[in-house]
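Undergrad: Sharing a structure below in structure tokens format, with a few things to ask.
The values are calculated or read from the model by the stated rules, or taken from the named source; none is laboratory data. Predicted model only: the values in this text are computed from it and were never measured. Here the Cβ positions follow ideal geometry from the backbone for every residue, glycine too, while neighbour counts run over all protein chains shown. SASA here: full protein model, heavy atoms, side chains in, ligands and nucleic acids out. Shrake-Rupley method; radii C 1.70, N 1.55, O 1.52, S 1.80 Å.
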Amino acid sequence: MDIPSKYDPGQTEDKWYQFWLDNRLFHSVPDKRKPYTIVIPPPNVTGVLHMGHMLNNTIQDILIRRARMLGFNALWVPGTDHASIATEARVVAKLKDEGIEKKDLTREEFLNRAWDWKRKHGGIILEQLKKLGASCDWERTRFTMDDEMSESVMKVFVDLYRKGKIYRGIRMVNWDPQAKTAVSDEEVIYREVRSKLYYVNYRIDGEDGFVTIATTRPETILGDTAVCVNPEDERYHHLKGKKVYVPMVNRLVPVIEDDYVDIEFGTGCLKITPAHDVNDYEIGIRHNLESIDIFNDDGTMSKEAQLFTGVDRFRARELAVKQLENEGLLVKVEEYVNKIGYSERTDVVIEPKLSMQWFLKMKELARPALDNVMNGNIRLIPSKFINTYKHWMENVKDWCVSRQLWWGHRIPAYFIKGSNDFVVAESVEEALRLAKDKTGDGHLKISDLKQDEDVLDTWFSSWLWPVSVFDGIRNPGNKDIQYYYPTDDLITAPEILFFWVARMIMAGYEYMNEKPFRNVYLTGLVRDAKRVKMSKSLGNSPDPIELINTFSADGVRVGMLLCSPAGNDLLFDESLPEQGRNFANKIWNAFRLVRSWKTESSATQPDHAKDAISWFKERLKQGISEVDICFRQYRISDALMQLYRLFWDDFASYYLEIIKPGYGKPMDQKTLDSTIVFFENLLRLLHPFMPFITEEIWHLIKTRPACESIMTTRMPDVEAYDCEMLEKFEKVREIVGFIRNTRANNQISNKEKLILSINAQDYRGNFDTVIIKLGNLSSIRMIDHKPEGVVSLITNSGEYYIALGDLINHEEEIKKLEAELDYAKGFLETVMKKLTNERFVNGAPANVIAMEKKKKTDAETRIKGLEERLKMLRK
């Protein structure tokens, strides 16, 4: 077979992905095997692949492919989220481009446009994931607004309402003036910003005096309904029972007392605007104050403000400052740094606003979700996030689940014509029946009912994801939910630990009485070299598809994982996927080398090849064991590095070099067969990380059935390995390195054979054949003295010499040994600092102390040998 000199991922990746699809190798149905299940964190239908998706989905695919090869019935469920706010914003923007305003369309017309947009753009990200190699069961693809998924959402809302856990009421909410909807507390991002603190005089009724308040928002003065002081503040005792005039609108409001007021902040006197500040709202309830909503839904001033009607809130601030100056009521302005909330979705400043909304009571739901993380039933990886999770869950607030949008799951509440009453039902037909029962009016018609205009928070559907993708809400006893639930691993980002992860745990215990997943692996953020989060809007994020086209999917996958420990941020630059591509090329070149060897039946197996096979067999077992440990501990990046070194350093650079026949000579069949078995096992181990190149080589290295795939073969089993042999071979590496350095330092040709002399009592010569082959030696001799005119390697296990005669450069050798001696002394000094440190000796485990003592002995032996060698050279 003619094997190309260069690996071409452009051809192989599409070919093998289609092969996997055609043979339905990603598809799973319940059977007698143990399941292993991952549900994808559903990306927004508005989304295209970004670097965070690349990292997250690479990890998911690695875990799913490895589970498949370990014999599990592996299922990775894909899907997308309808993303209410983001999608509606996209559709509204598209309509504007066409000269159409949302308000000019009926709800049905707008939703038709939204579905058209979803059909056109909603599948882009899933197609991009295929380019990455994602082995999802595409036949099970779900969308959060599919009919059966929507039905599940309606069932849950109705159920929670009937359990008394969902209620409707006027509350202070976080209002997004751009999206014109409420958002939850978790969707508000707080940032420190430079503001101004305005000191304003309020005239006291019935006297000439003023009281001064400090505010960062002078425009909200128009909504003030009281001024508040601390009852312990002696400065304001004279104001008790009095009233003041609100500047600009001359509204007479009471002075009230409440211990919420901080005596030390500002003037110690607080303006109270119950409609636009959550703390003022609470004070307003306690003191029965009027609430005046001075903002329209779009953030402009309402007619209730009396001034600046229709003006944007930030422009109104400027106008208010001018008005206060003109009225002589602005005392002073100070620079001030404070935290301001921004909408996570639209990045506009959030406006606290009183609004009629639907809420879900969370405390009872949160209890099992907290307990089962704290008791280890659900693992957070890394565990450093447990305290954050605990804090959130112990301080959980009721969840505002309604959104003032059209795209999404419409709230199944139906208002009865001619009253403020309503019923909650899964369908309008059920609602009519309930309405008749509630009112006693048997003549009611469907046209007498009006469904709530609001939709549910997007998270209200995605919190059901691990249950609803298996139809566990509608059909709780079906085969899929019984077999695949609970799922095994969830891979997601820490920033949605509460938004999504915690809520899924709540829903799991509420509707399945069981956790939704066993482990939560939290990835870090992908950042650039300056540690700035990668974002297309910032222009510091590469296009993932372009990266794949440049470096191959395997190269990008390896690059993403080379330095990505769980929970820690990944500092990404293009040298990482380049390193991944180089590794793929190394694998390809090693394969080409092996396939280039010709065998002859007359060729016998040389001793060095026998020894190399014995060593690499144990090294491979060690590598399999180390990788297995890394996966069990979710150290996926470390698992990749173990394989990287195993293939590059041990197999390609050492094993193949040892067994490689001389130029023009044949390879014996026995060694070639062993090598191909080793290569196949390495391909299996690498396949979860690099699916495309491993599949390609798998089919080229040996003739196989047309429908066979490496992904359905068995991962190599973990076995015990010979540690003693591996330790001995490490000494071989040291000796071979010494020989090669000697040649390089003294400019000795590799063709010229050398003699190695060894002075070591315990030397057994197990791998002499390997040392002779790799060092190109004529012989190895055992001696019991220190010869002259040699270069040396002195270790704790023995002394190794190469006689160079007149070729040796005494000055260079002395310089080299002096440098080694300085290093050894410095190393010993570091060890001694630990061993003479009382805290270290008393606190460190016994095995760590023993290791440090061994380092001390080894360093002392090496120093002694180096000093003796230098003494001899200086004679």
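Undergrad: Report the normalised scattering of the stretch 132-193 as log10 I(q)/I(0) at q = 0.15 Å⁻¹, calculated by the Debye formula with identical scatterers on the alpha carbons.
TA: -0.85
Undergrad: Between helix 846-873 and the chain, what is the angle of the helix's C-alpha long axis to the longest principal axis, kept within 0 to 90° and rounded to the nearest 10?
TA: Approximately 40 degrees, to the nearest ten.
Undergrad: While we're here: Using Cα-only point scatterers and the Debye equation, what is log10 of I(q)/I(0) for the chain at each q in 0.06, 0.07, 0.09 Å⁻¹, rounded to two decimals?
TA: Computed log10 I(q)/I(0) values: -0.60, -0.76, -1.04.
Undergrad: Something else now. When a/c reaches 1.5 or more, the comparison of a/b and b/c decides; with that in mind, is the stretch 399-488 rounded, prolate or oblate per its Cα gyration tensor?
TA: Cα axes put the stretch 399-488 in the oblate bin.
Undergrad: Just for the Cα atoms in the stretch 664-744, what are the lengths along the principal axes, largest first, rounded to whole Å?
TA: Ordered largest first, the stretch 664-744 gives principal extents of 51, 38, 25 Å.
Undergrad: Let me ask another. For the stretch 111-132 and the stretch 301-351, what is the separation of their C-alpha centers, rounded to whole Å?
TA: So the two Cα centres are separated by 40 Å.
Undergrad: Of all the accessible heavy-atom surface of the stretch 449-514, with the other protein chains kept in place and a 1.4 Å probe, what percent is carbon and sulfur?
TA: Whole-percent figure for carbon plus sulfur exposure: 46.
Undergrad: Between the stretch 13-39 and the stretch 410-476, what is the C-alpha centre distance in whole Å?
TA: So the two Cα centres are separated by 39 Å.
Undergrad: Classify the stretch 586-635 as rounded, prolate or oblate from the Cα gyration tensor: take a ≥ b ≥ c as the square roots of its eigenvalues, call it rounded if a/c is under 1.5, otherwise prolate when a/b beats b/c and oblate if not.
TA: Oblate.
Undergrad: Something else: Using only Cα atoms, find the angle between the long axis of helix 9-22 and the longest principal axis of the chain, and express it within 0 to 90 degrees, rounded to the nearest 10.
TA: For helix 9-22, the angle is close to 70 degrees.
Undergrad: Just the accessible area for I350, please: 1.4 Å probe, Å², rounded to the nearest 10?
TA: That residue has around 20 Å² of solvent-accessible surface.
Undergrad: Past the 18 Å Cα-Cα mark, which pairs from K363/K390; K271/K303; K96/K180; K180/K397; K598/K665; K825/K856?
TA: Check vs 18 Å cut-off fails for K271/K303; K180/K397.
Undergrad: In the stretch 1-103, how does Rg compare with the Kirkwood Rh, expressed as the Rg/Rh ratio over alpha carbon atoms?
TA: Radius of gyration over Kirkwood radius for the stretch 1-103 works out to 1.14.
Undergrad: Quote the accessible area belonging to W597 in square angstrom, nearest 10, computed with a 1.4 Å probe and with ligands, DNA and RNA left uncounted.
TA: Accessible surface of W597 is approximately 30 Å².
Undergrad: Another question, then. For the stretch 316-446, compute Rg over Rh where Rg is the Cα radius of gyration and Rh is the Kirkwood radius from the inverse mean 1/r over Cα pairs.
TA: Dividing the radius of gyration by the Kirkwood radius yields 1.16.
Undergrad: Just to be sure I understand the model, the point goes 7 Å from the Cα along the line to the Cβ. What's the resulting K163 to M851 distance in nm?
TA: Label at K163, label at M851, 4.9 nm between them.
Undergrad: Could you tell me the relative contact order of the chain? Use alpha-carbon pairs under 8 Å, at least six residues apart, and round to a whole percent.
TA: Result for the chain is 12 percent.
Undergrad: In degrees between 0 and 90, to the nearest 10, how far off the longest principal axis of the chain does helix 278-287 point, with axes built from Cα atoms?
TA: Roughly 40 degrees, rounded to the nearest 10.
Undergrad: Another question, then. Assuming R0 = 41 Å, what is the FRET efficiency of K332 and E453, from their Cβ-Cβ distance, to the nearest 0.05?
TA: 0.35
Undergrad: In deg cm²/dmol and to the nearest 500, what is the mean residue ellipticity at 222 nm of the chain if only DSSP H runs of at least 4 residues count, each as -39500 (n - 2.57), divided by the residue total?
TA: That comes out to -13500 deg cm²/dmol.
Undergrad: Under a straight-distance cross-link criterion of Cα-Cα below 13 Å, which aspartates and glutamates are reachable from K834, leaving out those fewer than 8 residues away in the same chain?
TA: E852
Undergrad: So what is Rg over Rh here for the stretch 252-335, counting just Cα atoms and using Kirkwood for Rh?
TA: With Rg and the Kirkwood Rh in hand, the quotient comes to 0.98.
Undergrad: How much of D722 can a 1.4 Å solvent probe reach, expressed as accessible area in Å² and rounded to 10?
TA: D722 has an accessible surface of roughly 60 Å² with all protein chains in place.
Undergrad: Heavy atoms only, probe 1.4 angstrom, no DNA, RNA or ligands counted: give me K834, K445 ranked by accessible area, highest first.
TA: Putting K834, K445 in descending order of accessible area: K445, K834.
Undergrad: Report, to the nearest whole %, how much of the accessible area of the stretch 319-392 belongs to carbon and sulfur atoms, 1.4 Å probe, protein only.
TA: The value for the stretch 319-392 is 48 percent carbon and sulfur by accessible area.
Undergrad: Here is a further query. Please give every one of the lysines within straight-line cross-link reach of K438, meaning a C-alpha to C-alpha distance under 16 Å, and leave out same-chain neighbours fewer than 8 residues apart.
TA: Within the straight-line limit of under 16 Å, K438 reaches these lysines: K417, K450.
Undergrad: First compute the accessible area of the stretch 520-637 with a 1.4 Å probe, then give the percent of it belonging to carbon and sulfur atoms.
TA: Result for the stretch 520-637: 44 percent of the exposed heavy-atom area is carbon or sulfur.
Undergrad: For each pair in K384/K855; K15/K131; K533/K586, compute the distance between the two Cα atoms and list the pairs where it is over 23 Å.
TA: Check vs 23 Å cut-off fails for K384/K855; K533/K586.
Undergrad: If you don't mind, another one. Express the relative contact order of the stretch 558-666 as a whole percentage, based on alpha carbon pairs under 8 Å and six or more residues apart in sequence.
TA: For the stretch 558-666, the relative contact order is 37 percent.
Undergrad: Sticking with this one: Send over a whole-number figure in Å² for the accessible area per residue of the chain, probe 1.4 Å.
TA: Per-residue accessible area for the chain comes out at 46 Å².
Undergrad: When a/c reaches 1.5 or more, the comparison of a/b and b/c decides; with that in mind, is the stretch 76-157 rounded, prolate or oblate per its Cα gyration tensor?
TA: Verdict is oblate for the stretch 76-157.
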